[in-house]
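The structure appears right after this line, and notes come after that.
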């Protein structure tokens, strides 16, 4: 991607400024949690259940305790007095949903392979693993609940006291769904399924907890995403004041929504640090990660579409079932709820109804993963739209363009589709524009002649998918600007990055707002110091929430500078104005003071408190980005392997802070979403054993898989819901590839009578469809 | 994922290594490239009280051309050295063509031919390549040296006919005749992954322009790399045209049993054997099929 | 009794020694004994490439080699790529192309690309993708990584041609 060169004389906002954090990452000087060594630090290893569903009869740690280097071993009995079930933080769904929670260590029962049973602490991770092998656990195996059907039967219950494996069931909708289907000229009903997969960041989870017995304070490294929320939960469980826990920032090797929620280890490691009075480090290994860090996306959907005689979609009726695994994690309700909200997508669908059911099974607990509910819903919706278009003899692009919401219809009322949120509406945009953009880029009018054709042993297909993605997310965000001295301004933000480039993009916003040099600003994120609170990084919210809070803080700082200058000059503040880092008498060209001169005059001792501007941006309104993707694929008629010949994604994000990073997030998110169309899947056998417990079996995309991905970012429709006009940009790319590629493969194989209903489309599954079709 | 304790020794001669192995019959493991053994140690799926590292034995590594045109590849020769060897490119073009399919560069930089053969992973390329080339494997022990054909070497997954006190010394590939044609193809989930099914086909054309020798080898079957007798035999005496290919495809899966796993069903493996036999033979014979629709 | 071995190697041009157990991986040795933490562990079974270092100029998974096996070897890690504060052309190209986000895989990517460009000064895009296919990146989608490497290859060829011309 070629961006315009950076103009050093213009505002940095909107310019493709290279990231300042890159230098340390490129030279090996990043500081990730495992890179931190503290004096006297010991290492924890978690013993995890090898069984999917079993009663624990006994846990014998005696032999492990006697191993060389072992400092401590804990099991449920050791935490029973202290620990509490891990609470559901977000997205309380109806019914007894929140009661399906997990204790940090298994007590009487294990419910998934990988559930923590005990923790060994030793002077090295090697020795801790040696000892963990010697913990003797006696199990009484129970039948495993693995599939949707297993769960629904309710013969074997995971949580006996709750009486059912169904943890929530509710229905949302708008309009009059029965009328829509009664009056429809055309209807079609299908069943679709998306595979279980997850974010799988390259850095596994990691924690260091350091208890200081003298000050009775705890320092914790490695918690990212929502450090304040995790701090408060740790404090509650350890019966401490939250202010006595400092969450410290380190570099983070990718988050994608799965890192930094409250996991069992977030209690266990601080608990052990206090119990032992010394720093404890825990580094999740890759095998553990694949069985212990949140999974996602395993959904089944029955969906029915109603179209009238004018080829307008009038109704969509669906029943979505979500396999949440063994327990309800702190944000497990988000994906089911957002699926119910996102299912109608960017289309004008007046009548809509969706039943959401979540089931608990003996699999790793599922929770939010980048684009929760949107990846799945896009596949369900866009597949049925493609099938309807084909049945009606319409070009899939034409059918979509007819039914996409236009700018004139905005804000488009979507009704009340999320049980824990009120009614909502889309904000701005012509949802046809991004589809037109990708169709033009891929030269659809020319290549559509290839649809369904077999050339040199490969079937060609073209697929497309449209999306709308909510972003932002309240209640607010805090930031703080602190001036340290001339040419040095600190910006603290309540968001916490995991590779997004906040040190660069947030400085661009502040440099723009203050009209000062980008290089003068140092950004701090990810810790709990300095700010009253921070709501973290999720739902593509940081640019929206922290970004606008920076705007507010900058205004406060400007007011402070004007007041100070007015005082010193003996003038009324109304007589002064601020321009580009300096305070001027209104309308004059010679400044009375600059940020640097004020900092110098106030002096190093006081400037950090005098020129200190907190900023808070509060809103519960969401922004909505939208976009479209198109793919050209070729399916090998022998092997069922699919080559993605070309893939184009486009998104209107309202306003771009840094085209370089926005473009990077778009391509990266897109490829991450292309993986589970063909590769990524957590597979379990009928006894609940995880078969994909290594990177040799859990397959993420590599450099050869999807080489041709192009991204076009539009900024035609800024959000009207925040001063910056931004909409968030981290999840646009990832929502649609499942639907887009499902449609592309479906398009290629349609002449054979094949219908694609399931992701991932492994070569074995595609070949089975080809065999069924007699090819 | 830290391995359990073991002791380590790195002998500098083959005799020393053989003696060490003989002295620790039950609990020693030979480590060569370590690209399969080390992950298994890290997962604690394998263990050893003593690792005997044969990487420092001079003479166990290297590629040379014998007077008879045979290519000798030493046990600790890295896959990457084989891949980049002009000698292999000239004298063993099938092996040269297949090397890029072995894992990734960094793994090929360490992994060895001897290690791969002794591991006997059913989805690995080396056992199949050796069978296709009629290679012989030289094993050294306190009792001296013996040769085993590549076909007899793997017995089952992770099991070979190597005795516990034997060390694989080298692999001898007989001279590659000028009239030999080959095709190689494998299907894996991603580049560098183990094959779901791979086929190496080798055909010798007689002076009468007929196929006078054929060896079609499949890997990725449940048990071990296997010479496919029926399709190989079906080619003999035939003119190298599509009809011969069709005859081989027709019996490609004869007598074979296929396993299902979550990467591939048995039916898919059967399909791949049939289709890849066809594709490798066409590639070997330069037959192009027009399938434009 | 745990066997402890004095392991000595030349790392980034400097002779370094420390005691190691035979079971300590080269990655563990570099990170915990020599405190060169730029080499990252992403999987510990040779599948992700984050721990890639150069041993005698060749890329190796530092999680699949024991430190004792690197006795007396020449090792290059990510800490040895820049010349002082000056980023190498490859590192600069990664930054220019936004070929990294979280940075965790980046050291391994740089090491693999370093070997590739030494082996093949004029790689095709497909050759670059294959050479890099053993290094997982979850953030970038690889497109900018491939672009960065191709840009460096072209740049080096150009400056080599200029030198010849001069």
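Where a number appears in this text, it was derived from the coordinates with a stated rule and is not lab data. Only a predicted model underlies this, so the values are computations on that prediction, with no experimental measurement involved. Cβ: placed from backbone, ideal geometry, glycine included. Neighbour counts: every protein chain shown.
Over the Cα atoms of chain C, compute the convex hull volume and normalise it per residue, giving Å³.
Convex hull of Cα atoms, per residue: 117 Å³.
For chain B, what is the Kirkwood hydrodynamic radius in Å, using each pair of distinct C-alpha atoms?
Final number for the Kirkwood radius of chain B is 19.8 Å.
Where a ≥ b ≥ c are the square roots of the eigenvalues of the C-alpha gyration tensor, would you call region B:94-220 rounded, which needs a/c under 1.5, or, failing that, prolate if a/b is larger than b/c, or oblate?
Oblate is the answer for region B:94-220, as a/c is 1.5 or above yet b/c matches or exceeds a/b.
Can you give me the angle between helix C:106-119 and the longest principal axis of chain C, using Cα atoms only, in degrees from 0 to 90, rounded to the nearest 10?
70
In degrees from 0 to 90, rounded to the nearest 10, what is the angle of the helix B:14-23 Cα long axis to the longest principal axis of chain B?
Result, in degrees: 70.
Could you tell me how many degrees, from 0 to 90 and to the nearest 10, lie between the Cα long axis of helix C:143-165 and the main elongation axis, the longest principal axis, of the Cα atoms of chain C?
70
Measuring from the lowest to the highest alpha carbon on each principal axis, how far does region A:150-256 reach, largest first, in angstroms?
74, 36, 28
What order do you get for A:22, A:395, A:652 when you list them from fewest to most C-beta neighbours inside 10 Å?
The order, fewest Cβ neighbours first, is A:395, A:22, A:652.
What is the extension gain from residue A:413 to residue A:136, computed as 0.36 nm multiplied by their sequence separation minus the C-alpha to C-alpha distance, in nm to one decimal?
Working it through step by step, the gained length comes to 93.9 nm.
I need B:88, A:523 ordered by Cβ neighbour count within 10 Å, fewest first.
Neighbour counts put them in this order, fewest first: B:88, A:523.
Sort B:126, B:176, A:211 by Cβ crowding within 10 Å, fewest neighbours at the top.
B:176, A:211, B:126
Determine the relative contact order of region A:334-437: mean sequence separation of Cα pairs under 8 Å and six or more apart, normalised by residue count, in whole percent.
Relative contact order for region A:334-437 comes out at 30 percent.
Figure the gain on full extension for residue B:13 and residue B:287 (residue separation times 0.36 nm, minus the Cα-Cα span) and round it to one decimal in nm.
93.7 nm
Taking Cα centroids, how far is region A:356-424 from region A:105-168 in Å?
Answer, in whole Å: 34.
Can you classify chain A as rounded, prolate or oblate using the Cα gyration tensor, where a ≥ b ≥ c are the square roots of its eigenvalues, rounded means a/c under 1.5, and otherwise it's prolate if a/b beats b/c and oblate if not?
The shape class here is oblate.
Which parts of region A:566-585 would a label at residue A:519 reach, counting a residue when its backbone N lies under 20 Å from a point 7 Å out along Cα-to-Cβ?
Backbone N within reach: A:580-582.
Residue by residue through C:88-99, how many Cβ atoms from other chains fall within 10 Å of the Cβ on average?
Per residue, the number of nearby Cβ atoms from other chains is 4 on average.
For the pair residue A:758 and residue A:440, what calculated FRET efficiency results from E = 1/(1 + (r/R0)^6), where r is the Cβ-Cβ distance and R0 = 30 Å, to the nearest 0.05?
My answer for the efficiency is 0.45.
How big is the antiparallel share of DSSP beta bridges in region A:291-443, given as a percent to the nearest 5?
55
Divide by every residue of chain A the summed helix terms, -39500 (n - 2.57) for each DSSP H run of at least 4, and state the resulting mean residue ellipticity at 222 nm, rounded to the nearest 500 deg cm²/dmol.
-8000 deg cm²/dmol
Could you work out, residue by residue across C:142-151, how many beta carbons of other chains sit within 10 Å of that residue's beta carbon, and then give the average as an integer?
4
Residues in region A:733-761, backbone N under 18 Å from the label point at residue A:188 (7 Å along the Cα-to-beta-carbon vector): list them, ranges by number please.
Flagged as within label range: A:739-759.
Going by the alpha-carbon gyration tensor, a ≥ b ≥ c the square roots of its eigenvalues, is region B:201-283 rounded (a/c under 1.5) or, if a/c is not under 1.5, prolate (a/b greater than b/c) versus oblate?
The shape class here is prolate.
Going by Cα centres, region A:585-624 and region A:317-335 are how many Å apart?
45
Quote the Stokes-Einstein diffusion coefficient, in whole µm² s⁻¹, for region A:193-241, based on the Kirkwood radius over alpha carbon pairs, a temperature of 25 °C and a viscosity of 0.890 mPa s.
Reported coefficient: 186 µm²/s.
Based on the mean of other beta carbon atoms within 10 Å per residue, what is the order of B:272-281, B:72-81, most packed first?
By packing density, highest mean first, the sequence is B:272-281, B:72-81.
May I ask for the distance between the Cα centers of region A:1-27 and region C:32-94, given as a whole number of Å?
For region A:1-27 versus region C:32-94, the Cα centre distance is 28 Å.
In peptide A:498-511, how many Cβ atoms from other protein chains are near each Cβ within 10 Å, on average?
1
Could you rank the peptides A:58-64, B:90-96, A:514-520 by their average count of other C-beta atoms within 10 Å per residue, with the highest value first?
B:90-96, A:514-520, A:58-64
I need to check one value: relative contact order of chain A, counting alpha carbon pairs closer than 8 Å and at least 6 residues apart, in percent.
Result for chain A is 16 percent.
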